[in-house]
Structures are given as structure tokens and as C-alpha cells.
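Structure, as C-alpha cells:
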Amino acid sequence: MLGKKLVTAQKRGETRALCLGLGMVACSMMMYFFIGITIVPFYTNSVWTTETVCKVLKANIKDKVFCPNNEGSEDEEIFPYPCLQVWVNLTASGQEVMLYQTEDTLEKNPKCSYVPDKLENSKEVKARIETIASNFKKYQIFPCYYDPGGTQTNVILSRLYPSKGLLFAFLWPTLMFTGGCLIIVLVKISQYVSVLSAWQ
């Protein structure tokens with residue numbers, strides 16, 4: 001009687017462990033799919049892939065411009081902000097080109113090097129842009145990214161999704177997938193050992 005209870009408890013534990021392993025594998029596959037349709041396209045479509053050194057030539061703040069958060073956004077989502085334009089010397093080619101913060105900055109407003117988030121306090125936005133401009137004047141040499149194919153003649157300060165960020169994004173689903181597979185394998189081994197012991 002006690003043996004039957006132990007066998008039943010063991011089967012229940014194996015079933016739960018097997019469900020846990022399958023659930024972890026399923027969740028990791030969903031995470032892979034989500035990363036594949038969101039982050040990977042941004043990474044593969046970016047042409048600014050080569051790192052080089054840029055030297056600031058001038059950093060000017062122009063008059064206020066209006067920029068929507070997204071294309072087709074409503075009027076209340078359009079906000080004014082000072083337009084910071086940073087021109088740098090590209091060490092790789094010696095050209096004078098315009099610097100943008102990220103790939104997204106160029107899409108939002110190609111006239112400005114920096115596009116702030118929508119904030120209620122316009123003074124805070126102005127102070128932030130002035131601080132950025134002063135930092136560029138203070139630290140004139142820094143790494144940047146350019147398009148080696150020549151499709152884009154401008155440069156960006158940082159990539160939205162660099163190689164390390166992409167690897168880090170794939171790290172968690174990989175660990176979950178490995179853990180799920182390991183649990184499934186251990187359950188199958190346990191079941192095989194149980195059947196072998198019962199047969200002997």
C-alpha cells in the first residue's frame with residue numbers, strides 16, 4: 001500500500017516537472033518570436049554598423065521647431081523644442097557630417113541632432129538641450145557610428161540595439177529554453193530508471 005502511494009506521488013511529481021519544462025520551452029519560444037519581430041528588424045535594418053571617431057566642429061542651438069512623437073499623431077502630441085545641430089568631422093573619411101543621437105532621431109526630425117521626449121515643462125527641455133550642447137563643446141572627440149556603404153552620409157552617437165544588447169536580449173530565452181530542456185531530460189531519465197527498476 002505504501003509502495004503504491006510512493007509510486008503515485010512520484011508520477012505526480014514527474015508530471016508537474018514535465019509540465020514545468022514544457023512551459024519553460026514554450027515561453028522561451030514565444031520570447032524568441034517576440035524578439036524576432038521587434039528588436040531584430042531594427043538591428044538588421046540599421047546601416048550605421050561601423051564604429052569610428054568623430055570630432056565636433058560646431059554645436060548650435062537653432063530656433064524652436066515642432067515635432068510629433070509619431071507620424072500621423074494628433075496636434076496635442078506635437079510639441080516645440082530648441083533644435084540642436086551638431087556637425088562633426090568623420091575620421092574615417094574626413095567629411096563634415098551631421099550627428100544624430102540614434103537611428104530613431106533621424107526618422108523623427110532630420111533637422112535636429114537630438115529630439116527630446118514630450119515633457120510638460122519646456123524649461124526643463126531647454127536646459128537639457130543646453131547641457132547636451134555644452135557637453136559636446138567640452139568633450140569634442142568621441143566614438144560614433146557611420147554607414148560604410150555610403151547610403152547615409154550622416155553619423156549617429158549610439159545604436160538603439162547594439163550587438164551586445166541583441167545578445168543580452170537572446171540570453172534570457174536561451175537560459176529558459178536550456179533549463180526547460182534539462183528538466184524534460186531529467187524527467188525522462190527518471191521515468192526510464194523507474195521502469196527499468198520495476199522490470200527487474
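The values are calculated or read from the model by the stated rules, or taken from the named source; none is laboratory data. Being a predicted model, the structure only gives us computed values, none of them experimental. Glycine also receives a Cβ, built like all others from the backbone with ideal geometry; neighbour counts cover every protein chain displayed. Calculation scope for accessible area: heavy atoms of the full protein, side chains included, ligands and nucleic acids excluded. Shrake-Rupley method; radii C 1.70, N 1.55, O 1.52, S 1.80 Å.
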Could you grab me the full set of residues in segment 176-189 that are surrounded by fewer than 13 Cβ atoms within 10 Å (Cβ to Cβ) and either touching a residue at least 24 places away in the same chain (Cβ under 8 Å) or outside any helix (DSSP H, G or I) (or both)? L182
When segment 148-175 is examined, which residues are found to be modelled with pLDDT of 90 or more, more than 16 Å from the chain's Cα centre (by Cα) and closer than 19 Å to M98 by Cβ? N154, V155
Scanning segment 114-173 residue by residue, the ones that are open to solvent by 70 Å² or more (accessible area, probe 1.4 Å), over 27 Å from S93 (Cβ atoms) and not hydrophobic (A, V, I, L, M, F, W, C) total 10
Considering each residue of segment 19-34, count those that are open to solvent by 40 Å² or more (accessible area, probe 1.4 Å), in contact (Cβ under 8 Å) with a residue 12 or more places away in the chain and within 15 Å of L186 (Cα to Cα), and give that number. 3
